[in-house]
Amino acid sequence: MEFSSLYFFSILIALCIHFQTRMACNSNDRIALNDLYSCLKSKPDSWNSSSADCCTWDGVTCNNSSVSSKRVIGLELGNKRLTGTICESLAVLDQLRILNLSHNLLHGTLTTKLFSLQNLEILDLSNNYFVGSIPLHDDMRSIRFIDLSKNYLNGTVNATLCETSPHIQVLNLASNKFTGEVSTTFGRCTSLQNLSLNVNSLSGSFPGGLLQLKDLRALHLEGNQFSGPLDARLGNLSNLVELDISSNRFSGNLPDIFGNLGKLEKFSAFTNKFNGHMPESLVNSPSLKILDLHNNTLDGPININCSAMIHLISLNLGSNNFHGPIPETFSSCHSLSILNLGKNKLGGEVPYNFKNLQALTFLSLSNTSISNISRALEILQHCKNLTTLILGINFQDEEMPGDVNLQFRNVKALVIPFCQLRGSIPLWLTNCKSLQLLDLSWNLLGGSIPLWLGNFKSLFYLDLSNNSFTGNIPKSLAELQTLVTNTVIPPEEIAPGIPLFKYREQGTGLQYTKIWSLPPTMDLSFNKLTGPILPSFGRLKGLHVLGLNNNGLSGPIPADLSGMSNLEALDLSHNKLSGEIPTSLVKLNFLSKFNVAYNQLSGEIPAGGQFMTFPYSSFQGNKNLCGGDYVSCRPVQAPVQSPSKEEMKIVGLPFEIGIATGFVLSVAISFMSGWVFSVAERTTSTSRFLCWR
């Protein structure tokens, strides 16, 4: 009996499995998907194929809830490069729980019916080209996750969503074109945990409705136009882990509320108008890992309590008005990896205890009025994990230390410009085996450029401009391995996205830029270099910017420079170069800036390619250069002069009559004498004369 029952159930299970494998998707669902297929210009793989079972199509997930057919519960077509619009027929998929069409090229407006799917839990339409407003909706009680970021949606942020979707936990409307103030009805989204409204054009004061969201863990308002003081009721959001209000117009003092935010790990408020001192609860926060307040007008001493902030990893206080010496207490921040104090009024020297910052990878003390570069380097070499060191606009008129024993083995970016340092390029740099970026520009360094600079296997950015280097360009610079092989350096291997100060020659001050975004560069301009331009520079296929201007270089421009296939900017102006501009440079398809002004060049400017776009100023100051819009290469011909009135009298009508009369008399005499023609030829000859005349 037991065997029979077991046998019966085995057959039943086999039949069920067989029936389910043959069961196709619901016919209405298939029609809806086919309608979507017709609305798309580029189609999903395997759709509308010979298979009638749409559950086998790419990105489609079904369940087995029906005995007659399977229902579509998931449609995940993210990052498929789909183009076209979304059809209203998608609303037929009434069992749909997940809809992901993110990272595509879809456009048009969002249909209202899409927001009426009552079983939908996840909606991700981010990274597309949708326009218009968010449609009104009646009931989305199942929705938990909505991401409409990185589109072109506009209008006001519709908070009706909070009334119809009480269980929503994640709402991302970032990087759109929303305007106006944020509605107070957002306080009804009581389950909201993650809200991103960043990078829009929202305005007004801090949205009061958000202060009621007790479960909120992440709030992103950066990149808008919010203004006014920061509401002290923020302290009621005790579950906050991330708070980013940067790049707005908030002003006043930071409220002393951080003691209530016991879970806060990241607080970013850079590029606002905050002033005054940092509040006590902030500089003693035990939970904070990332604190970014750069580009405000905060002042007072830097009173970070590292004994309390035991989890602090990143601290960015650059571009403020902090004053006083750099605190020695930083040595207690054992987890500190990123420290930016640049552009403050600190002064003094680098504290001796900085040698204890063994976790430190990024340090910027640029423009802080510190002194004693020898002591600073001697201390900082003990930070064994240091990869980026920025010390520019300090140490005025000091001597570049030449201690060969300095060790910075892990440093990848060394930036010490605009310090008026004297001396030469120090030999201790040879110990920086990992160097990728070296900027010693705007100093008073002299002597020759050492050959060993070409030995750095990873160096992609070299700026020695605005110094007093002499001699020839060393051939080793044309052998920099990264530039020869066009090796791509991943951003995370250079430095985090903290800005540094980069001097702009044409500007009046400093501009911010990120280290990892700098193009591969070799800038030797504004020195006293002589000799020829190396033809072997043509091997540097990875180089984007080459600056050799304002030196004493001579000889021809090598045709081999056309081998720098990725070159975007080439400046050879203000030298003593001669000969013609090589026509091979027309092959440089990415060249957008070209300057050979004020040399001794001659011949015709190459035509075609990017040379059709360069202005007159790129070639001026070369007397024997011609072509294009510069100077015409065609020789100037003397104009044909009209005869004067007196000349007209000499060769005019009386003269012509005299000639004609003399000619007729001569012919007549010849005819009569028979000396010219025989009698038989006279008539013919006269006829010819009359015809030619």
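At-a-glance table
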{"item": "Condition met for residue 74 (modelled with pLDDT of 90 or more, outside any loop (DSSP other than H, G, I, E, B), within 37 Å of the chain's Cα centre (by Cα) and not aliphatic (A, V, I, L, M))", "result": "yes"}
{"item": "Residue check for residue 330: at pLDDT 95 or above, among the aromatic types (Phe, Trp, Tyr) and crowded, with 18+ Cβ neighbours inside 10 Å", "result": "no"}
{"item": "Pick from segment 77-108, criterion modelled with pLDDT under 90 and of a type in the set (Gly, Ala, Ser), ranking: nearest to residue 145 (Cα to Cα)", "result": "91"}
{"item": "Residues being touching an Asp or Glu at 6+ places or on another chain (Cβ under 8 Å) and either within 17 Å of residue 196 (Cα to Cα) or assigned by TED's automatic domain parsing to the domain that holds residue 118 (or both) - total across segment 128-145", "result": "3"}
{"item": "Any hit, segment 546-564, residues being touching a Leu at 6+ places or on another chain (Cβ under 7 Å) and charged (D, E, K, R)", "result": "no"}
{"item": "Flag for residue 543 being within 18 Å of residue 479 (Cβ to Cβ), buried (at least 18 other Cβ atoms within 10 Å of the Cβ), out of contact with any His (no Cβ under 6 Å at 6 or more places or on another chain) and in contact (Cβ under 8 Å) with a residue 60 or more places away in the chain", "result": "yes"}
{"item": "Criterion: in the same structural domain as residue 544 (by TED's automatic domain parsing), modelled with pLDDT of 50 or more and more than 17 Å from residue 573 (Cα to Cα) - qualifying residue of 610, 600, 641, 620", "result": "610"}
{"item": "Output for segment 388-399, where each listed residue is crowded, with 22+ Cβ neighbours inside 10 Å and on the phi < 0 side of the Ramachandran plot", "result": "388, 389, 390, 391, 392, 394"}
{"item": "Residues that are outside any strand (DSSP E or B) and either in contact with an Asp or Glu (Cβ under 6 Å, 6 or more places away or on another chain) or not hydroxyl-bearing (Ser, Thr, Tyr) (or both), drawn from segment 318-340", "result": "318, 320, 324, 325, 326, 327, 328, 330, 333, 334, 336"}
{"item": "Search result, residues across segment 270-292 that are touching a strand residue (DSSP E or B) at 6+ places or on another chain (Cβ under 7 Å) and either in a loop (DSSP other than H, G, I, E, B) or under 23 Å from residue 239 (Cα atoms) (or both)", "result": "270, 272, 277, 278, 288, 289, 290, 291, 292"}
{"item": "Scope segment 139-158; condition farther than 16 Å from residue 107 by Cβ, in a loop (DSSP other than H, G, I, E, B) and not polar (S, T, N, Q); matching residues", "result": "139, 140, 141, 143, 144, 157"}
{"item": "Candidate set: segment 441-463, residues that are within 15 Å of residue 543 (Cβ to Cβ) and of a type in the set (A, V, I, L, M, F, W, C); chosen: the one surrounded by the fewest Cβ atoms within 10 Å (Cβ to Cβ)", "result": "453"}
{"item": "Segment 592-631, subset assigned to a loop (DSSP other than H, G, I, E, B), of a type outside the set (A, V, I, L, M) and touching a Gly at 6+ places or on another chain (Cβ under 9 Å), residue nearest to residue 554 (Cα to Cα)", "result": "599"}
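The values are calculated or read from the model by the stated rules, or taken from the named source; none is laboratory data. Computed from a predicted structure; not experimentally measured. Quick reminder, even Gly has a Cβ in these numbers, built from the backbone with ideal geometry, and neighbours come from all protein chains shown.
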